[in-house]
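FYI, it's all coordinate maths here, none of it is from the lab. This is a predicted model, so every value here is computed, not measured. Methodologically, a virtual Cβ is constructed for each residue, glycine included, from the backbone with ideal geometry; neighbour enumeration extends over all protein chains shown.
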Amino acid sequence: MSQNAPQRLYLMQVGSMPEYQIPIVCYLVQTDDGQNILIDTGLPEVIPDDSSEFENGKDVIQQLASIGLKPEDIDTVISTHYDGDHAGRHASFTKAGYVVQRLHHEDAQTNPRFDSIRAEWDQPIERIRLVDGDTELLPGLELIETSGHVPGHQSVLVRLPKTGAVLLTIDAVPFGGGFTREPQEDGSSPNGEAGQASVVKLLDRVEREHIGLVIFGHDNEQWSTLKKLPEYYE
Ligand SMILES: [Zn+2]
């Protein structure tokens with residue numbers, strides 16, 4: 001038996017885009033040796049002017065507090081990408097190491113898209129682990145490079161003892177309707193060739209490895225059916 005494999009996966013909604021009923025979410029993985037691994041951190045405390053369509057809910061700090069965790073208890077923050085609804089509280093986790101695709105971190109240095117929350121993600125480089133492509137972070141916790149939404153976006157595969165494999169697509173597949181080999185015309189498909197290639201990459205993994213649960217990044221209809229913190233998948 002491995003000593004640091006994922007034991008629990010918590011899902012939490014930390015905000016929304018009310019006009020479109022889109023949930024803004026983060027995830028927490030707990031391992032059997034007591035590590036707390038957060039995946040994304042949600043919206044910034046003060047929403048920038050250019051992002052007024054977003055609204056904070058019970059934020060990641062409050063959600064973690066409700067299961068007895070302080071920001072200092074987080075060992076690792078897996079950063080899927082630096083958009084403002086995914087990396088908005090990174091700086092609150094002062095004891096954590098961050099894990100991000102090198103391609104993404106390097107692109108973000110000069111990409112104005114990520115400027116408004118630079119103070120959150122632009123942490124001292126000693127605290128950032130830059131990874132290149134698909135990477136097994138722990139036995140049962142894998143990062144899957146899924147560029148397209150942004151360069152160096154990453155999705156996360158978590159293997160749990162009872163539930164089995166759970167794929168968190170994040171923004172590689174924001175809505176379940178876009179999880180198809182043929183691009184959809186209804187706007188649910190990710191943009192561009194790289195985005196579509198990443199969808200196919202994830203579909204291949206799901207089929208090959210019999211992944212039972214695929215959680216899409218911003219799918220309100222699916223979200224309403226999932227267990228949320230304080231409940232968890234195990
Ligand atoms: Zn997003």
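Among residues other than ILE125 whose Cβ falls under 12 Å from its Cβ, what is the net charge (Lys/Arg +1, Asp/Glu -1)?
Around ILE125, the charge tally is 0.
Show me, for region 59-73, the HN-Hα J-couplings you get by feeding each phi into the Karplus relation (A = 6.51, B = -1.76, C = 1.60, θ = phi - 60°), rounded to Hz, glycine and proline as x.
Whole-Hz 3J(HN,Hα) from phi for region 59-73: 7, 4, 5, 5, 5, 5, 4, 5, 10, x, 10, 9, x, 5, 7.
Out of residues 5 or more away from THR76 or on other chains, whose amide H comes under 5 Å of its own, with H placed 1.01 Å from N in the peptide plane?
ASN36, LEU38, GLY97
Which is the longest part of the chain that has none of the trypsin sites (Lys or Arg not before Pro) sitting in a DSSP loop with at most 10 other Cβ atoms within 10 Å?
That would be 1-161.
Go ahead and estimate [θ] at 222 nm for the chain from helices alone: -39,500 (n - 2.57) per DSSP H run with n ≥ 4, summed, over the residue count, rounded to 500.
-5000 deg cm²/dmol
Report the antiparallel proportion of the DSSP beta bridges in the chain as a percent, rounded to a multiple of 5. Can you show the working numbers first?
Working: 30 of 45 bridges.
Rounded to the nearest five, the antiparallel share is 65 percent.
With both partners inside region 112-219, how many of the DSSP beta bridges are antiparallel, as a percent to the nearest 5?
75
For ASP50, what is the net charge nearby, where nearby means another residue's Cβ is under 15 Å from its Cβ and Lys, Arg count +1, Asp, Glu -1?
So the surrounding residues net to -4.
Suppose every Lys and Arg Cβ carries +1 and every Asp and Glu Cβ carries -1, with no other charges. What dipole size does the chain come out with about its Cα centre, to the nearest 20 debye? Intermediate values should be presented prior to the final figure.
Details: 18 positive and 38 negative charges, 151 e Å.
The dipole magnitude comes to about 720 debye.
Determine the alpha carbon to alpha carbon distance for each of LYS95/LYS162; LYS58/LYS227; LYS70/LYS227; LYS70/LYS201; LYS162/LYS227 and list only those over 26 Å.
LYS95/LYS162; LYS70/LYS201
Would you grab the residues whose amide H sits under 5 Å from the one on GLN101? Only those 5+ places off in sequence or on another chain, please, with H modelled 1.01 Å from N.
For GLN101, whose amide H was placed from the backbone, the distant partners under 5 Å are VAL131.
Provide the descending list of Cα extents for region 6-223 along its principal axes, expressed in whole angstroms.
Computed over the Cα atoms, the extents are 42, 42, 32 Å.
Quick one: net charge around THR146, please, counting Lys, Arg +1 and Asp, Glu -1 for every other residue with C-beta under 11 Å from its C-beta.
Neighbourhood net charge equals -1.
Report relative contact order for region 6-223 in percent, whole number only (criteria: Cα-Cα under 8 Å, sequence separation at least 6).
Relative contact order comes out at 16 percent.
Could you tell me the calculated FRET efficiency between GLU209 and VAL46, based on Cβ-Cβ distance and R0 = 35 angstrom, to the nearest 0.05?
0.30
Please give every one of the aspartates and glutamates within straight-line cross-link reach of LYS228, meaning a C-alpha to C-alpha distance under 15 Å, and leave out same-chain neighbours fewer than 8 residues apart.
By straight Cα distance, LYS228 reaches ASP59, ASP219.
What are the ³J(HN,Hα) couplings of region 198-215, residue after residue, when phi is run through the Karplus curve with 6.51, -1.76, 1.60 and θ = phi - 60°? Round to Hz, x for glycine and proline.
So the Karplus estimates, Gly and Pro as x, are 5, 4, 5, 4, 5, 4, 4, 5, 4, 6, 5, 10, 6, 6, x, 10, 10, 9 Hz.
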